[in-house]
Amino acid sequence: MKIGKANLANSKTAAADVWRHTLSQIPSVFGRLVYLASLRDPNTGRYEHHGLALVFSEEEANRSLRASHNQAFAEWISFNLEQQKADLDLYLSQFFENKAQVLETWLRLSPYRNLVPNSVRGLERRLYLADLEALLELLKNEYGVSAPDPNA
């Protein structure tokens, strides 16, 4: 079920609560992906948010966060490369530390691979990874980041 942003603000669902109190405060779609993926337990795949579970239920929190993650991913994947680059630049603008260091870490550890919702398979997953890796190559050149040492 896809819930529009305007309807979320007036709804009393867990998804509306997540949008109203958290996701609407994150200016970039990529930032929403990072946030939502951080709420997913890597061992179980369940989404956990203590405050949301207290107001609704653990199951409703999991369901709403999963749907929000899928929706944010669908939004990101619908962007063309230029829009993705602008959104990624917006996400990176929040870092006060050296952006080159952030990019070096991404190139070395590939944490962006863990941002994909569990339900995404095949072509969409490959498209996301190909687009993001192309953007990282572009940003690597833009910020003067050297390639990570494969023997490190």
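The values are calculated or read from the model by the stated rules, or taken from the named source; none is laboratory data. Computed from a predicted structure; not experimentally measured. In this analysis, Cβ positions are derived from the backbone assuming ideal geometry, glycine residues included, and neighbour counts consider all displayed protein chains.
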Checklist entry - How many residues does the range 84-109 contain that are under 16 Å from Gly31 (Cα atoms) and assigned to a loop (DSSP other than H, G, I, E, B)? => result 4
Checklist outcome for this item: Scanning the range 18-38 for residues that are out of contact with any helix residue (DSSP H, G or I) (no Cβ under 8 Å at 6 or more places or on another chain) and modelled with pLDDT of 95 or more gives Ser38
Next on the checklist: Quick check on my filter: what residues within the range 41-74 are aliphatic (A, V, I, L, M) and either modelled with pLDDT under 90 or in contact with a helix residue (DSSP H, G or I) (Cβ under 7 Å, 6 or more places away or on another chain) (or both)?
Outcome noted: Leu52, Ala53, Leu54, Val55, Ala61, Leu65, Ala67, Ala72
Next on the checklist: Of the residues Gln101, Gln84, Gln25, only one is at negative phi, in contact (Cβ under 8 Å) with a residue 24 or more places away in the chain and not β-branched (Val, Ile, Thr); which?
Outcome noted: Gln84
Checklist outcome for this item: Quick count over the range 20-51, residues being over 27 Å from Ser93 (Cα atoms) and among the basic types (Lys, Arg), is 1
Next on the checklist: Which count do you get for residues in the range 35-80 that are in a helix (DSSP H, G or I), among the charged types (D, E, K, R) and within 17 Å of Val116 (Cβ to Cβ)?
Outcome noted: 2
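Quick check on my filter: what residues within the range 27-42 are basic (Lys, Arg) and over 9 Å from the mean Cα position of the chain (by Cα)?
Arg40
Per-residue answers, yes or no, for (1) farther than 16 Å from Leu136 by Cα; (2) loosely packed, with under 14 Cβ neighbours inside 10 Å:
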site: Asn43; (1), (2): yes, yes
site: Glu48; (1), (2): yes, no
site: Leu54; (1), (2): yes, yes
site: Arg63; (1), (2): yes, no
site: Asn98; (1), (2): no, yes
site: Arg108; (1), (2): no, yes
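So that you can scan it fast, the table gives a plain yes or no per residue for (1) among the small types (Gly, Ala, Ser); (2) more than 25 Å from Leu36 (Cβ to Cβ); (3) touching a strand residue (DSSP E or B) at 6+ places or on another chain (Cβ under 9 Å):
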position	(1), (2), (3)
Leu88	no, no, no
Lys99	no, no, no
Leu103	no, no, no
Ser110	yes, no, no
Val116	no, no, no
Ala130	yes, no, no
Glu137	no, yes, no
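When you scan the range 40-57, do you find a residue that is of a type in the set (Lys, Arg) and either without any contact (Cβ under 8 Å) to a residue 12 or more places away in the chain or touching a His at 6+ places or on another chain (Cβ under 8 Å) (or both), even just one?
So in the range 40-57, the residues of a type in the set (Lys, Arg) come out as 40, 46.
From the residues that got through so far, the ones that are either without any contact (Cβ under 8 Å) to a residue 12 or more places away in the chain or touching a His at 6+ places or on another chain (Cβ under 8 Å) (or both) too are 40.
Checked the range 40-57: at least one residue is of a type in the set (Lys, Arg) and either without any contact (Cβ under 8 Å) to a residue 12 or more places away in the chain or touching a His at 6+ places or on another chain (Cβ under 8 Å) (or both).
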